[in-house]
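Asker: Please find one structure pasted underneath; my questions will follow.
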Amino acid sequence: MSTHTGPDHAPSDDTHAMDWPRQERAFRAWRDGEAPPSDDADARTLQQLYAALAEETLPALPADFAANTVAAAERAARARRSVARFRRALLAIAALCYLPAMLAAAATLAADALSALWHQETGGAALSWTATLTVLAALSWGIDALRTRNGERDRPTLRS
Amino acid sequence: MSDDRELVQAVLAGRPGAFERLVREHQTLCWHIVLKLVRDPEEARDLCQDTFLRVHRSLHQYRFDSALRTWIGRVAYSIALRRLERKRLALDCDTEGEDSAYARIESGEDVQAEVAQAQLAALLRAQMRTLSPIQSMLITLYHLDELTIPEIAAMTDLPSGTIKSHLARARARLRERLAPHLGEPQ
């Protein structure tokens with residue numbers, strides 16, 4: 001029935017420090033169905049009060065409260081999903097707009113820098129060497145890739 | 001706790017009827033907390049629904065470190081408290097003098113002979129309205145909803161001593177006001 005168990009600690013407010021244990025004793029007696037002592041009018045009154053409090057009548061929620069709340073929650077969830085989809089679409093559009101623009105800007109800057117370097121005294125030679133090395137590395141990688149695709153084995157090691 | 005876990009997992013998995021079951025199981029406690037604090041039934045109904053909408057939105061954050069009803073009660077309490085703060089209403093302010101039933105008592109009518117259970121209930125309701133929102137809520141949670149002091153403390157973040165003090169004060173006041181109708185001399 002009642003879930004009230006546990007130690008009877010006095011409240012922190014000194015004014016009612018003595019009241020709490022007395023009230024709780026009467027409450028537990030009422031809860032356990034014990035009649036108060038015949039000479040204890042206070043306990044009797046308290047028990048009558050507790051009986052009234054346990055029967056306190058309050059206005060009730062409408063019968064369809066749960067159903068209405070569920071419907072409202074579903075509407076709210078759908079709205080949140082729509083907002084999330086809109087946000088994702090907005091980010092995708094922003095990315096589509098800005099990414100090419102950023103790539104174009106980077107390419108322009110690189111072209112300007114390379115052009116400036118080419119026209120310097122030593123820049124032209126450095127660029128030529130860099131371009132040659134890059135082409136050679138790319139050729140080497142490409143040949144390796146072709147060999148691997150055609151199933152050519154690795155060169156035998158000293159162990160084998 | 002295993003029932004809580006099962007229910008929460010069902011709601012998160014989107015199983016039909018799971019969230020409605022959660023609402024039905026906890027709507028009474030939520031209603032009591034919110035109604036006692038804001039006192040207006042229409043406003044309390046809206047706030048109660050707001051509570052469950054927030055529960056639905058945040059259920060994935062629930063870590064099972066307390067009972068589900070404690071977690072939901074905490075959400076309800078914080079929502080109601082925020083409404084009170086917005087309206088600049090004090091949580092611990094009582095409402096002396098607003099009770100017509102009490103005025104009737106003070107008019108000297110001899111009501112003792114007429115007191116039936118229904119009348120006592122009506123008088124109790126009237127007297128509960130003169131308590132502060134926090135006292136009224138605590139009385140209902142403790143006596144009607146049968147929550148323990150630790151459960152109430154977990155929901156409201158109030159120290160246990162403070163809760164007991166509020167309860168003791170509220171009970172003493174109710175006892176004093178209702179004593180003539182409880183068949184005891186004052």
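Asker: Give the residues of the stretch B:133-146 that are crowded, with 21+ Cβ neighbours inside 10 Å and either over 15 Å from B:Ala170 (Cβ atoms) or more than 8 Å from every other protein chain (Cβ to nearest Cβ) (or both), sorted by residue number.
Answerer: Correct list: B:Pro133, B:Ile134, B:Gln135, B:Ser136, B:Met137, B:Leu138, B:Leu141.
Asker: In the stretch B:152-178, how many residues are among the hydrophobic types (A, V, I, L, M, F, W, C), open to solvent by 10 Å² or more (accessible area, probe 1.4 Å) and in contact (Cβ under 8 Å) with a residue 40 or more places away in the chain?
Answerer: Final tally of qualifying residues: 1.
Asker: Also, I was wondering about something else. Mind listing whichever residues of the stretch B:27-54 are of a type outside the set (S, T, N, Q) and more than 13 Å from B:Tyr77 (Cβ to Cβ)?
Answerer: B:Arg39, B:Asp40, B:Pro41, B:Glu42, B:Glu43, B:Arg45, B:Asp46, B:Phe52, B:Leu53
Asker: Another question, then. Assuming B:Glu85 fulfils every condition listed in (1) within 30 Å of A:Ala71 (Cα to Cα); (2) modelled with pLDDT of 95 or more apart from one, which condition is it?
Answerer: (2)
Asker: Return the pair list, or none, for Cβ contacts closer than 6 Å from residues in the stretch A:54-81 that are under 30 Å from B:Gln127 (Cα atoms) to residues that are among the aromatic types (Phe, Trp, Tyr), at least 6 apart or on different chains.
Answerer: The qualifying pairs are A:Leu61/B:Trp31.
Asker: Within the stretch A:11-46, which residues are outside any loop (DSSP other than H, G, I, E, B), modelled with pLDDT under 90 and within 46 Å of the chain's Cα centre (by Cα)?
Answerer: Across the stretch A:11-46, the qualifying residues are A:Asp14, A:His16.
Asker: Take the stretch A:56-112 and flag every residue that is within 14 Å of chain B (Cβ to nearest Cβ) and aromatic (Phe, Trp, Tyr).
Answerer: A:Phe65
Asker: Got a sec? Which of A:Ala104, A:Ala54 is within 47 Å of the chain's Cα centre (by Cα) and within 30 Å of B:Ala172 (Cβ to Cβ)?
Answerer: From the options A:Ala104, A:Ala54, the qualifying one is A:Ala54.
Asker: When you scan the stretch B:161-176, how many residues do you find that are more than 7 Å from every other protein chain (Cβ to nearest Cβ) and closer than 22 Å to B:Cys30 by Cα?
Answerer: So the answer is 4.
Asker: Quick check on this structure: which one of B:Glu20, B:Glu25, B:Glu85, B:Glu42 is under 15 Å from B:Asp145 (Cβ atoms) and assigned to a helix (DSSP H, G or I)?
Answerer: The match here is B:Glu25.
Asker: Filter the stretch B:44-54 down to the residues that are within 21 Å of B:Leu91 (Cα to Cα) and either at the interface with another protein chain (Cβ under 9 Å from one of its Cβ atoms) or crowded, with 16+ Cβ neighbours inside 10 Å (or both) and list them by number.
Answerer: Scanning the stretch B:44-54 gives B:Ala44, B:Arg45, B:Leu47, B:Cys48, B:Asp50, B:Thr51.
Asker: Being open to solvent by 40 Å² or more (accessible area, probe 1.4 Å) and within 21 Å of B:Leu89 (Cα to Cα) is the filter; apply it to the stretch B:112-132 and report the residue that is farthest from the other protein chains (Cβ to nearest Cβ).
Answerer: Here the residue is B:Arg129.
Asker: While we're on this one: Does at least one position in the stretch A:75-88 carry a residue that is touching a helix residue (DSSP H, G or I) at 6+ places or on another chain (Cβ under 8 Å) and open to solvent by less than 50 Å² (accessible area, probe 1.4 Å)?
Answerer: Checked the stretch A:75-88: at least one residue is touching a helix residue (DSSP H, G or I) at 6+ places or on another chain (Cβ under 8 Å) and open to solvent by less than 50 Å² (accessible area, probe 1.4 Å).
Asker: Could you please find all residues in the stretch A:42-70 being open to solvent by 40 Å² or more (accessible area, probe 1.4 Å) and among the hydrophobic types (A, V, I, L, M, F, W, C)?
Answerer: Within the stretch A:42-70, A:Leu58, A:Ala60, A:Ala63, A:Ala67 meet the criteria.
Asker: For the stretch B:1-25, what are the residues that are open to solvent by 20 Å² or more (accessible area, probe 1.4 Å) and either under 19 Å from the mean Cα position of the chain (by Cα) or among the hydroxyl-bearing types (Ser, Thr, Tyr) (or both)?
Answerer: Selection gives B:Ser2, B:Arg24, B:Glu25.
The values are calculated or read from the model by the stated rules, or taken from the named source; none is laboratory data. Predicted model, so just to flag it, every value in this text is computed and none were measured. Positions of Cβ are backbone-derived with ideal geometry, glycine not excepted, and every protein chain shown enters the neighbour counts. Please note that ligands, DNA and RNA were not included when accessible areas were found on the heavy atoms of the full protein model with its side chains. Shrake-Rupley method; radii C 1.70, N 1.55, O 1.52, S 1.80 Å.
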